[in-house]
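Below is one structure, written out as structure tokens, with a few remarks after it.
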Amino acid sequence: MLCNKRGNTTSSRTSRRYTTMQSQPLARIGLGPVRLGLLGRERQNVLCYSSIAGIEKVPMSKFEPSEYVNDRYKAIEDRLKVVRKRLNQPLTLAEKIVYGHLDDPETAEMKRGVSYLKLRPDRVAMQDATAQMAMLQFISSGLPKTMVPSTIHCDHLIEGTTSPQPDREGSFGGEADLKHAVTTNKEVYDFLATAGSKYGVGFWRPGSGIIHQIVLENYALPGLMMIGTDSHTPNAGGLGMCAVGVGGADAVDVMAGLPWELKAPKVIGVKLTGKMSRWTSPKDVILKVAGILTVKGGTGAIVEYFGPGVDHMSCTGMATVCNMGAEIGATTSVFPYNKRMHDYLVATGRGSAATLADAFKENLRADEGATYDQLIEINLSELEPHINGPFTPDLAHPLSKFAEELRKNNWPTELKAGLIGSCTNSSYEDMARAASVARQALAAGIKAKVPFTISPGSEQIRATIARDGIMEVFDKIGGTVLSNSCGPCIGQWKRTDVPKGEANSIITSFNRNFAARNDGNPATHAFVASPELVTAYAIAGDLTFNPEKDTLVGADGKEIKLEAPFGDELPARGFDAGANVYQAPPPSLDARSKLSVKVDPASQRLQLLSPFKSWNGDDIKDAVVLIKVKGKCTTDHISMAGPWLKYRGHLDNISNNLLIGAINIANGKPNAVKNVVTGEEGPVPATARDYKARGLPWVVVGDENYGEGSSREHAALEPRHLGGVAIIVKSFARIHETNLKKQGMLPLTFANPADYDKIDPTDRISIEGLKTFTPGVPLTLVGKKADGTSYSFPVNHTFNENQINWFKNGSALNAMAAAFKAGKM
């Protein structure tokens, strides 16, 4: 039995495989490792392929009438026939989808956690903050159009407000914020809209909704594969899709028609039994899993949910679970196709896709006897509501113990704000369940005691809850409905009620709660829970309140106890699409070729890219240490969001936020490092620029899970742009490590984590072995101290031959351009 850092027990070990057979019970977490099923009894080729021949052609979406799901399903079946003959073993659902998208199933090595796979995703989705850099890179490729269906979604650049604002003519909230964003971001929106039109990319206008909700409503389909330039792309796993968050450079590769590279994921199985009741919701499943696996426990793995409990969860509830799987570092998460997905497809106008998926269902669930690298079981009947936080999404507290934890840790118990919605919990069911709690309070004459905000996930959700009276309930309780966008979840919150630096508590139904994540205040204690729990806390104004047992005092002085929330998973009257918020690209290449995309050279928001320099053919010699980072360093620490989002299309400007949130081990302060040449202390970006101007290469030294969090590739582009050559840490988050490789950086890990302590911020660092750079062969770090003494030790890397080619060319984009020029693509 293992005990992780949160004190939870798990019987899972990565060196073991666990077999699940529907007829056999599974070991619960904490009971010790158990091998389930006998290999001699497992069926080696367990299914005959369901035929989709003769079924009417089904378009990928109503916006892509000439791209067909049938063709993708047929390709998956053909590949899986090859894979089954080669592996001769039952497959997990994750393996079916991943291996069903292999570029070359005849020769590809397929070893979980070892092999690098070349895959052919079915589509690409990009949010507006990351799409700027992705489209700038795609433009530089010289291709006339994208090779796979692709979309851009305007959701990140809209700042949410909850009090009157001078720049909004004294107004605040959704309409005022959207109007302000359309004006202030016009240059960026025009660029994305025209680039989308020219290169065949669908464009979802500002106000359309959050990328992941739009994808779920329109594009996600069981068994298909999508990559998206946002870490919460796995949301689409709620519809049985393998959806993976990536950096913009990966998106460019796929849009250019290149295979996408991914290390073959391990598969973590989560068996759900029982049925949720009372205040327990799908959000509590992933909050529980996060507590078990921690923020890096899912790294390099797909989390696959299965078991009878799955059928008691709505499709959008499954999406919530998959969405927040990003917080455990998982490659993605996925659920097997079932009737709840079928019903959601029908409700969102995709009945023909549901019929096709029904015929294809044997490929949309795990084979009997499939094995998992790690196994967790959760009984939904016993699962308590959870609240996770503060400052990390894996610090899990059952509701019954939350008040005790607050007092024990001296966390602020007075609530200052409650926020619901975001891409994690903004479905119709989420809004309906939250409204059912609010209605009870209104009936007793009670309103929210703290600022309460609601972020609808899409224009379709906003229009539907407005029609069905849910919006009116939120308004009466004292809530502020924000725009259909990310808003406070990503730091786009112009908060005015609490001064920066003042300790306070907020609770959200979001997914991420790192320090300063939501409001820019590192002293804000952010907790994460389900929308219905957040609503109850906003009404109570006190985090020690337990809605399952405590009472509120109504306007008449009488005590009331809130009943368990309830909400329809789908609207009885169907969805209301709301306003027209989609812009389709011209259908013909001829029409698109006449369009132009202009970038003003004087722009402060957009900047055309120049290629990075290729490798000089030598080892790295005498690099300085820009900063030795102490403790957690997420992509928010490396490249902050919030007000910096407006520079996502201008690499030089956004580089002025490089590592300004990281803590310097030398002085315990953020954004303050010593320039080893001048001896002066200054901001990290300015110091990096000075080193670059002097021709001095520099490195960053970091701790565990470096780069966890968002998929933003700016956290990799910025160090490269400012002269960095290597990031040397104890361990990396998956997406960030890949992003660094894509930009020609060296992401390296200590072979012995204790070697982190050998490096002082004033040391000079050399990296030897690059002349014979080879997959699987460590490089050597040589450090030279100020007194002339030196040390050396090995550093590991995960580069394969293709990625080494990126490094030698200076970036993956350079390598692609070279291949085009040589006629190899």
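Yes/no matrix, rows are residues, columns are (1) open to solvent by less than 30 Å² (accessible area, probe 1.4 Å); (2) not in a helix (DSSP H, G or I):
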site	(1), (2)
305	yes, yes
342	no, no
349	no, yes
355	no, no
363	yes, no
368	no, yes
376	yes, yes
384	no, yes
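Cβ-Cβ distances below 6 Å connect the following pairs, each with a first residue in region 212-241 that is at positive phi, a second residue that is at pLDDT 95 or above and of a type in the set (Ser, Thr, Tyr), and a separation of six or more residues or different chains: 240/337.
So, in region 121-153, how many residues would count as being in contact with a strand residue (DSSP E or B) (Cβ under 8 Å, 6 or more places away or on another chain) and assigned to a loop (DSSP other than H, G, I, E, B)? Steps first, please.
First, pick out the residues of region 121-153 that are in contact with a strand residue (DSSP E or B) (Cβ under 8 Å, 6 or more places away or on another chain): 121-128, 131-136, 146, 148-153.
Narrowing the set further to residues that are assigned to a loop (DSSP other than H, G, I, E, B) leaves 121-122, 146, 148-149.
So the answer is 5.
Yes/no matrix, rows are residues, columns are (1) hydrophobic (A, V, I, L, M, F, W, C); (2) open to solvent by 10 Å² or more (accessible area, probe 1.4 Å); (3) over 17 Å from residue 722 (Cα atoms); (4) outside any loop (DSSP other than H, G, I, E, B):
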position: 633; (1), (2), (3), (4): yes, no, yes, no
position: 676; (1), (2), (3), (4): yes, yes, no, no
position: 679; (1), (2), (3), (4): no, yes, yes, no
position: 691; (1), (2), (3), (4): no, no, no, yes
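Rundown of residues vs (1) buried (at least 20 other Cβ atoms within 10 Å of the Cβ); (2) at pLDDT 95 or above, yes/no style:
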{"position": "154", "(1), (2)": "yes, yes"}
{"position": "163", "(1), (2)": "no, no"}
{"position": "182", "(1), (2)": "no, yes"}
{"position": "192", "(1), (2)": "yes, yes"}
{"position": "206", "(1), (2)": "yes, yes"}
{"position": "227", "(1), (2)": "yes, yes"}
{"position": "238", "(1), (2)": "yes, yes"}
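So in region 717-731, with the set limited to residues that are in a helix (DSSP H, G or I) and under 22 Å from the mean Cα position of the chain (by Cα), which one is surrounded by the most Cβ atoms within 10 Å (Cβ to Cβ)? The selected residue is 717.
How many residues does region 603-650 hold that are of a type outside the set (Lys, Arg) and under 24 Å from the mean Cα position of the chain (by Cα)? I'd like the intermediate steps shown before the answer.
Just the residues of region 603-650 that are of a type outside the set (Lys, Arg), to begin with: 603-604, 606-612, 614-620, 622-627, 629, 631, 633-645, 647, 649-650.
With the extra rule that they be under 24 Å from the mean Cα position of the chain (by Cα), the set shrinks to 629, 631, 633-645, 647, 649-650.
Of the residues in that region, 18 qualify.
Each residue in region 732-772 was checked for being part of a loop (DSSP other than H, G, I, E, B) and surrounded by fewer than 16 Cβ atoms within 10 Å (Cβ to Cβ), and 4 of them qualify. Among the conditions (1) open to solvent by less than 10 Å² (accessible area, probe 1.4 Å); (2) in contact (Cβ under 8 Å) with a residue 60 or more places away in the chain; (3) more than 20 Å from residue 569 (Cα to Cα), residue 283 misses just one, which is (3).
Of the numbered criteria (1) touching a strand residue (DSSP E or B) at 6+ places or on another chain (Cβ under 9 Å); (2) at pLDDT below 95, the one residue 647 fails is (1). When residue 516 is tested against (1) on the phi > 0 side of the Ramachandran plot; (2) among the aliphatic types (A, V, I, L, M); (3) modelled with pLDDT of 95 or more, just one condition goes unmet, and that condition is (3).
Residue by residue, here is whether (1) touching a residue at least 60 places away in the same chain (Cβ under 8 Å); (2) open to solvent by 10 Å² or more (accessible area, probe 1.4 Å); (3) hydrophobic (A, V, I, L, M, F, W, C); (4) over 22 Å from residue 206 (Cα atoms) holds:
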residue: 411; (1), (2), (3), (4): yes, yes, yes, yes
residue: 450; (1), (2), (3), (4): yes, yes, yes, yes
residue: 507; (1), (2), (3), (4): yes, no, yes, yes
residue: 520; (1), (2), (3), (4): yes, yes, no, yes
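Restricting attention to region 270-279, does a residue exist that is in contact (Cβ under 8 Å) with a residue 12 or more places away in the chain, surrounded by fewer than 24 Cβ atoms within 10 Å (Cβ to Cβ), hydrophobic (A, V, I, L, M, F, W, C) and more than 30 Å from residue 813 (Cβ to Cβ)? Within region 270-279, one or more residues are in contact (Cβ under 8 Å) with a residue 12 or more places away in the chain, surrounded by fewer than 24 Cβ atoms within 10 Å (Cβ to Cβ), hydrophobic (A, V, I, L, M, F, W, C) and more than 30 Å from residue 813 (Cβ to Cβ). When region 457-477 is examined, which residues are found to be under 21 Å from residue 424 (Cβ atoms) and part of a loop (DSSP other than H, G, I, E, B)? Correct list: 457 only. Only one of the numbered conditions (1) touching a strand residue (DSSP E or B) at 6+ places or on another chain (Cβ under 9 Å); (2) in contact (Cβ under 8 Å) with a residue 40 or more places away in the chain is not met by residue 181, and that is (1). Tally time: how many residues in region 91-115 are open to solvent by 10 Å² or more (accessible area, probe 1.4 Å), within 15 Å of residue 302 (Cα to Cα) and touching a Ser or Thr at 6+ places or on another chain (Cβ under 9 Å)? Total satisfying the criteria: 1.
Residue 118 satisfies every condition listed in (1) more than 14 Å from residue 200 (Cα to Cα); (2) part of a loop (DSSP other than H, G, I, E, B) except (2).
For residue 536, are the conditions met, namely being more than 26 Å from the chain's Cα centre (by Cα), farther than 21 Å from residue 217 by Cα and not in a loop (DSSP other than H, G, I, E, B)? Yes, satisfied.
For residue 436, the conditions (1) closer than 27 Å to residue 348 by Cα; (2) surrounded by 21 or more Cβ atoms within 10 Å (Cβ to Cβ); (3) more than 22 Å from the chain's Cα centre (by Cα); (4) among the polar types (S, T, N, Q) all hold with the exception of (2).
The values are calculated or read from the model by the stated rules, or taken from the named source; none is laboratory data. Model, not experiment: these values are computed from the prediction. So basically every Cβ, Gly included, is an ideal-geometry build from the backbone, and we count neighbours across all protein chains shown. Calculation scope for accessible area: heavy atoms of the full protein, side chains included, ligands and nucleic acids excluded. Shrake-Rupley method; radii C 1.70, N 1.55, O 1.52, S 1.80 Å.
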